[in-house]
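The values are calculated or read from the model by the stated rules, or taken from the named source; none is laboratory data. Given the structure is predicted, the values throughout are model-derived calculations rather than measurements. All Cβ positions, glycine included, derive from the backbone under ideal geometry; neighbour counts span all protein chains shown.
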Amino acid sequence: MNNCAGIQKLSVDQVYRALDSSPRGLSSSEAQERLREIGRNSIEIPDRWRLLRSLLRQLTNFFTLLLLISALICLVAERLQPGQNMLILGWALGGVALLNAVFSFIQEYRAEKAMEALRHFLPQQTSVSRDGKVVPVPVDELVPGDLLHLAEGDRVPADARLVEASGVMVNNAPLTGESLPLALSAEAVEDREAEGNSVFAGCLVLRGSGQAVVFATGLRTEFGKIAHLSQAIRKEPSPLERQTAHMVRVLTLIAVGLGISFFSYGMVSGRSWWINLVFMMGIIVANVPEGLLPTFTLALALGSLRMARQNVLVTSLNAVESLGSVQIICADKTGTLTRNELTVSLLSGPTSVERLGAGERRRLLTLALAASPAQTAEQEKKGDPLDLAIASAFDREGYGISWRTLFFHPFDVEKKRSAGVIEENGEKLVAVKGAWENIAPLLSEETNSGVIAAAESRMRELAGQGLRVIAVAWRPLEADEDGSDQDSLERKLIPAGFIGIEDELHEEVPAAIRDCREAGIEVLMITGDHPDTARTIAVHCGILPEGVKSETDILTGDILEELSEEELKQRLKAGVKIFARTSPTQKMKIVLALKALNRVVAMTGDGVNDAPALKAADIGIAMGKSGTDVARASAQLILLDDNFASIVAGIREGRTIFLNIRKFTNYVLVSNGPEIIPYLLYILLPVPLALTVIQILSIDLGTDIIPSMALGREPPEPDVMQHPPRGHEFQLLTPGLVIHSYLFLGLLEALWSLGLFFYVLHSGGWIYGTELAGDHPLYRSATGIALATILLMQIGNLIGRRFHRRSGIDRSLFANPLLIVGILIQVLFSWALLYSAPVQKILGTGPVEWTVYLVAWLGIPLIFGADYLRKRICYGPPLSLNHFRT
Amino acid sequence: MIILAHDGSLYGEWVSRYAINFALSEEDRRLLVLHVPEGKIAPVVVEARLERLMNDCTEHELSCRCEYLPPEQDVYRSLRHAIPHDPTALLVCGTRVKARNRAYLTDSIAEKLLRTHQCPVVALRVTQPGLLGTPVNLLLPLAGHDAGTERFWPVLRRFVPRLHSVQLFRSLNIHYLRYPHLSRNREQSLRDIGIAYLEQILMDIDKRLPERSFRIDCRVALSSNWSDEILVLASRLRMQLILLGVSERTLAHRLFYGVGLERILHKSPCDVGIYRGP
């Protein structure tokens, strides 16, 4: 963890010398000089323009720019030639552009929250020695060389090396994720990895007091690096953002290309520039699905509400869809796959496989409890779950405490063991408990190698059963041994046995992992446990197949540390499924390697130090119950029940949302066909324009919105989790979708609506080649029926879009009430624009004969039937919904 | 030989730790300290600091010579006249913050020294005095020039005895408006170009150090802001020193890269070393 390991090897005098400090601290002038050189002890990156830049970035988005330019042209056109409704169009386009930009801006603004949560880990003020006096100073004025005075309950304000320590115990959880207390001293340590004499910013002094010389401040502290990453890592565009960008680019190129080509053609053919301008605007507006992106946002927002019902809280809308494209889930074992409720499930002698007798059981639990910080389950409630499990087992067996604790040496992260000295029946003994590999070297010489080998084998056997194995050892103490020196206590130990502790899986996990496998999603398990324990859990929950043991599927933290990214990528390709004995800081390395393999990665996390990895992953998932505020603020999804199965439920929802987005994209693009073709006819033939710009907008930004949202709310298709994830390469706008939208259904809508348009014109006495004024009653009626026909045909299109392969009426329309609302809106609006005076006035339409209106209704079965025929020809008879239910 | 331009300040003392560590791995174990009295720091303080430096050198069995240079027209000229023409030597100097938080490198003596061609130069910005001038994890961002290892080698080789890992990094500039529109294939081909370049550098290093004892990783990023990318990577990989090349080809080049460079010097999560790039 420590980035300044050199300073830990120095004696106290050398530390003062190295940092040009002294037991009197720095002088005020020296502190000022250092503050100028190094800067303030602040973990925030000052950036006063961040929000403005973010807003500008949203406003300069390709799609937003296009809408804004269109809006500007409309406003200019209105000024040049008023009364053509161009003002309304301009404002409508501008409004849509701003709405999109504001939505995205609000998403980015959330990044502030992570910083706010991190700020709580640093104090406002601290005590330091300056000019030989202890004075309070604001924390941001601390500089390297300052002599800090630390006391119980203090938050450490900067990374510092202890020069005086009296029983100092710290909790380094914000950095290591390990909540166990760590005892520190002021002595020099040789081991580079050791941290026995340093305190770190953001951590808590649990007990004792001391003085420490600051060696790193601000972003250079370990905590500062986490803060820096939490602020500086920018999310890469999500798969949906990329696909939307691609779609917008293609549609814009088509729109602008067509618009400019026909504007030029119009100019050459001698039409007035104004007609050509209106025409060009019409082509562009008809091609750009203005309502599509706001509908995306609404669909994602509705999806996030549905996810919340599955215990998945969404903090970033794009995550809703991104979760659906996840290819790999990196899940913490403890708490996510398992319940994080430890229970003692087995007590074993050091070598024997036979069941222990009552006396031996009591003895083993007594020794284990003696090496725990508290002796009752009640006292342990807020402590380490492992100690709580032992205390609970002791209570459950009905034993009572018959000893007196003389000394206790808490669990040391480096030593991986704890020890207690007790007096029972007038005899003193020391009990030590911890990982076997850390207890074995402390056994007495009398314990022969055969016993050690048998104990090792027993330990492996228990770990192989998926148990977390705690070794317990002891020795009697001489009367003159006081027990204060841990190192002299922990020698010549006698093995007492092993305690097997189990953390049960969430019961839904195996089924959820099976679903993942069927859905082509890989699950990697990350744990700090022993590889054998990790393997067994992985087999139990289905991450690894039963009975197949391969060396390539597990990677331990120490090997991971030494691997380069390229080597790690090779190991991942070779099939690593479990990361055992890993620390939270190594998660970042795993995420980056997976992303370098071009995978869409979801990562779970709960600690402060998980924040950078959560931000770096495509989807950061924080634990709602056990997670820290920082992790929650850095994640895009929060699991309210800390349960892996909820992630899978979220993936199902995410995939459904993407499929629904495809459905309504297809739906919306269909209406582009009958919107474009009238303009092409208008420029190529001497015929009136069948649809005005405002009428096009009434479809794109009006009647199509609710049906699109209804498609966005369609329930999951039964086989949604039986396809592999889409991956980065998948496109929302495929050639097939374009052909289906524009050249099949779009063309059909255009033919039917234009047929009725010309029928009304012809029956009203219009002669081919003659011009009609925009306010002529015949023109208004003809354009009205063209618009009404498109709206009605969109109903048939809407029903057909519900399923990719099935008709669309094989699931009740009432299963999705919004669908009914959408259909009603189309019907009502198609009637109103023909027969309601206020709507006629706004849209420039007029009434037609009832019989003509009824013919327009025939467009619904026409488009639905044609599409169904296509489905039958392309895909054959559909499987019934019951097929999937069984 | 290592040449240290020491301004007599506390900061100079932090920089001198690098110089001492470099000198320890020199064949001749020689350190030449150059100081131009400017009168900004009391002479007695400067003398004490330089004496402490001499003592440290003696403790480390280094041959150390300290020269007080007469102030000529300016500090830079005095230093330039005293710096020997020796391509095997390395000049070490510091980049200090100027009044009102102005630029660290632009128009500084360190920048002028970087332009001299008497010997290779490294200008250091020390932000972690607690590191004691012994970084073991280095971030080496490269801009893709053809010069290969030639420019940074005289500096990098001085760190080699203590190194645990070196991260070779290349950031390929992509405008933020273009980035979402970049296809995956195009992105991959750009990355491949970057990786191919870094692998070439890696081969060059391996040629120079056939039995290297430290790890080298290669990493490429596509970004619209190379300086931010370097800062993030330094934090992400817990780097202890960023070794950065600076070029001074054209005014436009300097304007473009200068801002990013100053940004790194201002916001770096670790120490920064600057050498003269191609």
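Annotations for the structure displayed:
- Scanning segment A:12-39 for residues that are outside any helix (DSSP H, G or I) and within 11 Å of another protein chain (Cβ to nearest Cβ) yields a total of 5.
- Selection status of A:Ile329, modelled with pLDDT under 85, hydrophobic (A, V, I, L, M, F, W, C) and outside any loop (DSSP other than H, G, I, E, B): no
- Selection from segment A:432-451 of residues that are within 46 Å of the chain's Cα centre (by Cα) and over 14 Å from A:Ile499 (Cα atoms): A:Glu437, A:Asn438, A:Ala440, A:Pro441, A:Leu442
- Sole exception among (1) in contact (Cβ under 8 Å) with a residue 40 or more places away in the chain; (2) among the basic types (Lys, Arg); (3) more than 24 Å from B:Val272 (Cβ to Cβ) for B:Arg96, by number: (3)
- Restricting the first member to segment A:768-796 and to residues that are β-branched (Val, Ile, Thr), and the second to residues that are not in a helix (DSSP H, G or I), the beta-carbon pairs closer than 7 Å and six or more apart or on different chains are A:Thr783/A:Ala690; A:Thr783/A:Leu691; A:Thr783/A:Thr692; A:Thr783/A:Gly844; A:Thr783/A:Thr845; A:Ile785/A:Val848; A:Ile790/A:Ser671.
- Considering (1) within 18 Å of the chain's Cα centre (by Cα); (2) away from chain A (no Cβ under 13 Å), the lone condition that B:Leu233 does not fulfil carries the number (2).
- Enumeration of residues in segment B:43-72 that are of a type in the set (A, V, I, L, M, F, W, C) and either loosely packed, with under 12 Cβ neighbours inside 10 Å or assigned to a helix (DSSP H, G or I) (or both): B:Val44, B:Val45, B:Val46, B:Ala48, B:Leu50, B:Leu53, B:Met54, B:Cys57
- Those residues of segment B:128-153 which are within 13 Å of chain A (Cβ to nearest Cβ) and in contact with a Pro (Cβ under 7 Å, 6 or more places away or on another chain), in sequence order: B:Pro129, B:Gly130
- Residue-level check: of (1) out of contact with any helix residue (DSSP H, G or I) (no Cβ under 7 Å at 6 or more places or on another chain); (2) in the same structural domain as A:Glu478 (by TED's automatic domain parsing), A:Leu524 misses just (2).
- Number of the exception - B:Gln167 against (1) surrounded by fewer than 17 Cβ atoms within 10 Å (Cβ to Cβ); (2) under 20 Å from B:Ile274 (Cβ atoms): (1)
- Residue check, A:Arg242 within 35 Å of the chain's Cα centre (by Cα) and of a type in the set (D, E, K, R): yes
- Those residues of segment B:59-92 which are among the β-branched types (Val, Ile, Thr) and closer than 13 Å to B:Leu32 by Cα, in sequence order: B:Ile83, B:Val92
- Within segment A:145-169, if we keep just the residues that are part of a loop (DSSP other than H, G, I, E, B) and either within 37 Å of the chain's Cα centre (by Cα) or closer than 18 Å to A:Pro410 by Cβ (or both), the residue that is nearest to the other protein chains (Cβ to nearest Cβ) turns out to be A:Ala158.
- Here A:Val285, A:Val278 are screened, and the one residue that is in contact with a Leu (Cβ under 7 Å, 6 or more places away or on another chain) and assigned to a helix (DSSP H, G or I) is A:Val285.
- Any hit, segment B:176-195, residues being within 22 Å of B:Ala234 (Cβ to Cβ), more than 10 Å from chain A (Cβ to nearest Cβ), among the charged types (D, E, K, R) and without any contact (Cβ under 8 Å) to a residue 60 or more places away in the chain: no
- Test: residue in segment A:792-803 that is modelled with pLDDT under 90 and more than 23 Å from A:Gly673 (Cα to Cα): no
- Segment A:439-450, residues that are outside any strand (DSSP E or B) and surrounded by 15 or more Cβ atoms within 10 Å (Cβ to Cβ): A:Ile439, A:Ala440, A:Leu442, A:Thr447
- Residue match in segment A:753-774 (condition: under 14 Å from A:Ala690 (Cα atoms), modelled with pLDDT under 90 and within 57 Å of the chain's Cα centre (by Cα)): yes
- Candidates B:Arg80, B:Arg151, filtered to the one that is assigned by TED's automatic domain parsing to the domain that holds B:Arg238, in contact (Cβ under 8 Å) with a residue 12 or more places away in the chain and more than 14 Å from B:Ser16 (Cα to Cα): B:Arg151
- Taken together, B:Ser227, B:Ser213 contain a single residue that is under 22 Å from the mean Cα position of the chain (by Cα), closer than 30 Å to B:Leu132 by Cα and either loosely packed, with under 13 Cβ neighbours inside 10 Å or within 9 Å of chain A (Cβ to nearest Cβ) (or both), which is B:Ser213.
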